[in-house]
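S.K.: For reference, the structure I am asking about is given below.
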Amino acid sequence: MTPLISRSGAGRMGLVTLICGALAAGGLAAAGVATLEPGAASASSHREAPLISGTPQYDNTDVYAFVSPDKPDTTTIVANWIPFEEPAGGPNFYTFADDAQYDIHIDSNGDAQGELLFRYTFRTHRKNGNTFLYNTGPVTSLDDPDLNITQTYDIDLIRLKNQHVMSRTKLADDVPVAPSNVGKASMPDYAKLRHQAVHRTAGGAQTFAGQADDPFFLDLRVFDLLYGGNLSEVGNDTLKGYNVNTIALQVPNDLIRESAQQPVVGIWSTTQRRNAQGYYTQVSRLGNPLVNEVVNPQKDKDKFNASAPWNDAQFLKNVTGPELPRLIEAIYKIKAPAEPRNDLVDVFLKGVKGLNQPPHVRPAEELRLNTSIKPSMHPKRLGVLDGDNAGFPNGRRLTDDVIDASLQVVEGELVGSKNDLGDAVDANDKKFEKSFPYVAEPTSGSRGPLAKGTTGGADVRSQIGDALKPAGSSSGGSGDTVLIAGSAASGAAGILLVGTALAWWRRRMQRPY
């Protein structure tokens, strides 16, 4: 069994540590972070609600928000969709939905309503409909003619007051999306494609949309009746090797905060889907991680995804009386902290007083960030719990271990039950980038070893030859084309012969078909 790691770095093998740590990976932490008051702005994590689990293109997985480490006068927001993308999952690889509005909401004054909304809308383009291929040769740029399926997007900045639109500004138009990382033969220099997909807008903002490695790290076996009741398989990063679709936005702090004197902002993301009548309906929301996944019971999950932060009071009992600590107590006999859990309300629904709690705050499920706190030179994975005020729950950095931090709070860290609990998954499997968009490149579809007897570096395009040319087009006398045509003719003759024999047999048997 893998030992859980304490915040001081020492291994902890005690039963309580192992149990709570293991549970932290998938659930307890969730309860902690999830304890944000219910609302209509943030979903939870991966496959967290019945309806949205069946439509992954619209499913928010995680939201991150942090003061940019290399540009501290800006804030970077990362929002992810489409959980568990298998890198080799073609031929229809992973695209944003054309009938959706992917929204990033900013609450600048703590009233649980958005004052700014960054809306991303996407369009899919196809060059060649006569092939099943996502790309018809090696792709060396985002405008490469061999990239058969492409996407572009627009960004609208919508200013709101009491949920009424005050103005609408086009920030970006027809920006290219970074494609799915099909593999080394298809995309020999994926880093170049990633770089080309970073777009600068007027006013000092940057944007990126495309595939990325899933930055969330945790052990999700909690759902197997809380780690099987025996803590087996603890310490496995369930999301290792999977990708997500990422929207990243870097904006000046002064654009999103109310003022230098009131620098705290609340952030969440939502997805709205167009129905058959042409109207948009919110189907997913997400601010803090794991809220809807393990805090809300089945009866509230779809309602939460369709709700808004200013209505989060309807879910308050799920926070003040979370189910997960009671389950742990029942299975592992670890006493749950006394209810009602007002400590969770104060931290996760309002923000930490003196750190990231805005004045006159209205409790709501939002990821709250104090934009005046400078980035840490040496970030600590437990963030505020370990004295690093630039980390979770003051926003969420890619490196923050939200499972361990949330677990410790949910199990009573702030009400006298000191603990060093964790799930033994302390970092992402891939290193993050040092500049925007910061997320790691997606895992390639060609991640396995070469087959026995083969070598790398084959010229895939020359091997494909003229196979993709329309029928009747000139081949320039290529022997490969003659061979392809000859094979096709032989195949057709064989099919004709088999078809004739089958017809004769059917007539003989006198069976109607």
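S.K.: Report the extension gain between LYS335 and GLN163 in nm, rounded to one decimal, defined as 0.36 nm multiplied by the number of residues separating them, less their alpha carbon distance. Intermediate values should be presented prior to the final figure.
M.R.: Numbers: separation 172, 0.36 × 172 = 61.92 nm, distance 4.34 nm.
Separation in residues times 0.36 nm, less the Cα-Cα distance, equals 57.6 nm.
S.K.: Let's test the formula: R0 of 41 Å, r as the Cβ-Cβ distance of ARG123 and LYS299. What FRET efficiency results, to the nearest 0.05?
M.R.: Details: r = 37 Å, r/R0 = 0.91.
Computed FRET efficiency for ARG123 and LYS299: 0.65.
S.K.: Now for a separate question. Tell me the per residue accessible area of region 110-153 using a 1.4 Å probe; a whole number in Å² is fine.
M.R.: Working: 1780 Å² over 44 residues.
For region 110-153, the per-residue accessible area is 40 Å².
S.K.: Here's something else I'd like to know. Convex hull over the alpha-carbon atoms of region 127-208: what's its volume per residue in Å³?
M.R.: On the way: hull volume 10.0 nm³, N = 82.
Output value, Cα hull per residue: 122 Å³.
S.K.: Using the Karplus curve 6.51 cos²θ - 1.76 cosθ + 1.60 with θ = phi - 60°, work out ³J(HN,Hα) for each residue of region 364-375 in order, rounded to whole Hz, and write x for Gly and Pro.
M.R.: Running phi through 6.51 cos²θ - 1.76 cosθ + 1.60 with θ = phi - 60° gives 6, 7, 9, 8, 9, 10, 8, 6, 8, 7, 5, x Hz.
S.K.: Would you kindly work out the equivalent ellipsoid of region 375-442 from its C-alpha gyration tensor and give its semi-axes, the square roots of five times the eigenvalues, largest first in whole Å?
M.R.: Working: eigenvalues 117, 36, 14 Å².
Over the Cα atoms of region 375-442, the ellipsoid semi-axes are 24, 13, 8 Å.
S.K.: I need the Kirkwood Rh of region 303-448: take the reciprocal of the average 1/r across all distinct C-alpha pairs and report it in angstrom.
M.R.: Numbers: mean 1/r = 0.0580 Å⁻¹.
Evaluated over region 303-448, this radius sits at 17.2 Å.
S.K.: Over region 271-332, with the other protein chains present, what is the accessible area per residue in square angstrom, probe 1.4 angstrom? Intermediate results must be reported in sequence, preceding the final value.
M.R.: Numbers: 2750 Å² over 62 residues.
Value returned for region 271-332: 44 Å² of accessible area per residue.
S.K.: Starting from the Cα of LYS380, draw a straight line to each of the lysines and keep only those under 25 Å, dropping any in the same chain fewer than 8 residues away.
M.R.: LYS71, LYS240, LYS350, LYS353, LYS418, LYS430, LYS431, LYS434
S.K.: For region 90-158, report the translational diffusion coefficient in µm²/s to the nearest whole number, using Stokes-Einstein at 4 °C, 1.567 mPa s, and a Kirkwood Rh over Cα pairs. Kindly include the intermediate steps, with their values, before the conclusion.
M.R.: On the way: Rh = 14.4 Å.
Answer from the Stokes-Einstein relation: 90 µm²/s.
The values are calculated or read from the model by the stated rules, or taken from the named source; none is laboratory data. Since the model is a prediction, treat every value here as computed from it, not as a measurement. Note that each Cβ is placed from the backbone with ideal geometry, even for glycine, and that neighbours are counted across all protein chains shown. For accessibility, only protein heavy atoms count, side chains too; no ligands or nucleic acids. Shrake-Rupley method; radii C 1.70, N 1.55, O 1.52, S 1.80 Å.
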